[in-house]
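Beneath this line is the structure, given in structure tokens, with notes to follow.
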């Protein structure tokens, strides 16, 4: 008998396992053959403290010290661009993200392929950083294992039921038992809840696609910032000497092994091309992931109000990697009955009771 079964071996599940393994015996069940197979392994992974609604910003700020100590961050910076007719969206986003306006010429100096005749406004912030998602994910897995946690892959959950001592979970043809059940199943979290007889939280997975391009014009892109059009209509980010470009779509989808929609990807690349002087001539690779949200856009963390042995770690949206350290700590604090370090209003805005 374990103390915790964690369903899901992505960033949510492994960070939760690392913290909960300090409180008791943990088993992690992952349906895929690799950890972080879905959204956690398909993210552009930036750390930007001001990105997201207020409860997410609070989690990100509370995670910063952990990321620095773990060596997960490296300099990148962020550049917002605007073209003709985009002043209103540009101004709003510049304010929301706390950016400083710079000249178009300064922006073109940072990213030499920007078309100087098409950039009417630009804004910049040096603080956003690259976040090494795999380093973070594997670090949580090592920490959990060091505390005695068992992490199993290729064990899809097919049934969940109550037992006299807590929960029985059938996964990969095996029976697992624990006193408490942690739902960290990503896009599948509402499905897991239904299996357990718990009301869903209204989770909506949304697809986001990505293309990897050769370095435009043969440039060394290493020192370029992440750059984006207003309204998050597209973004581009250097990665291992290449350039990642996303349409930044948020198209509702059912839980599945996501793949890029060719038309959506083409439209996004066209929006990117409108800002640059180098056309897209080749896409080396493309993929998609599912970012899952509830109605208010914040994470759902902690015990189900009327079933406290069922614990949510879900709805990470596009923020799950950068918030993982603080989110997992909050989860463990709530399970252990400890007072969290976060403000009470923030905790309320993250716990599942707000949705009931």
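We did not get these values from a lab; they are worked out from the coordinates using the rules stated. These numbers come from a predicted model, not from an experiment. We place every Cβ from the backbone using ideal geometry, glycine too, and count neighbours over all the protein chains shown.
Some points to look at:
- Put in line by how crowded their Cβ is, counting other Cβ atoms within 10 Å and starting with the fewest, 96, 278 read 96, 278.
- Among 90, 47, 227, the largest mean-square fluctuation in a Gaussian network model of the chain (Cα springs under 10 Å) belongs to 90.
- Cα-based helix-to-principal-axis angle, 262-273 vs the chain, degrees rounded to 10: 40 degrees
- Gyration tensor (alpha-carbon) shape descriptor, the stretch 129-216, a/c threshold 1.5: oblate
- Point-to-point label distance, residue 283-residue 256, nm (Cα→Cβ direction, 7 Å offset): 1.7 nm
- Most mobile listed residue (118, 271, 282) in the chain, GNM with C-alpha springs under 10 Å: 282
- With 0.36 nm allotted per residue and the present C-alpha distance subtracted, the residue 101-residue 345 stretch has 84.6 nm of extension available.
- Here the chain carries DSSP beta bridges of which approximately 75% are antiparallel, counting only pairs with both residues inside.
- Exposure proxy ranking, count of Cβ atoms within 10 Å, fewest first, for 188, 224: 224, 188
- Sorted largest first, extent of the stretch 66-163 alpha carbons per principal axis (Å): 64, 32, 24
- Residue 356-residue 212 FRET efficiency (beta carbon distance; Förster radius 25 Å; 0.05 resolution): 0.05
- Cα gyration tensor, the chain - rounded (a/c under 1.5), prolate or oblate: prolate
- Between 58, 339, 215, the residue with the greatest mean-square fluctuation in the GNM of the chain (Cα pairs under 10 Å linked by springs) is 339.
- The fewest-to-most ranking of 350, 97, 73 by surrounding Cβ atoms within 10 Å reads 97, 73, 350.
- The calculated 222 nm mean residue ellipticity attributable to helices in the chain amounts to -8500 deg cm²/dmol, summing -39500 (n - 2.57) over DSSP H runs of n ≥ 4 and dividing by all residues.
- Between helix 87-97 and the chain: long-axis angle, C-alpha atoms, 0 to 90°, nearest 10: 40 degrees
- Helix 11-20 and the long axis of the chain differ in direction by around 40°, with both axes built from C-alpha atoms.
- Three-way shape call for the stretch 12-113 based on the alpha-carbon gyration tensor, with the a/c threshold at 1.5: prolate
- FRET efficiency for the pair residue 108 and residue 191, taken as 1/(1 + (r/R0)^6) with r the Cβ-Cβ distance and R0 = 30 Å, rounds to 0.05.
- Stretching the chain fully between residue 264 and residue 84 yields a gain of 62.5 nm (0.36 nm per residue, less the alpha carbon separation).
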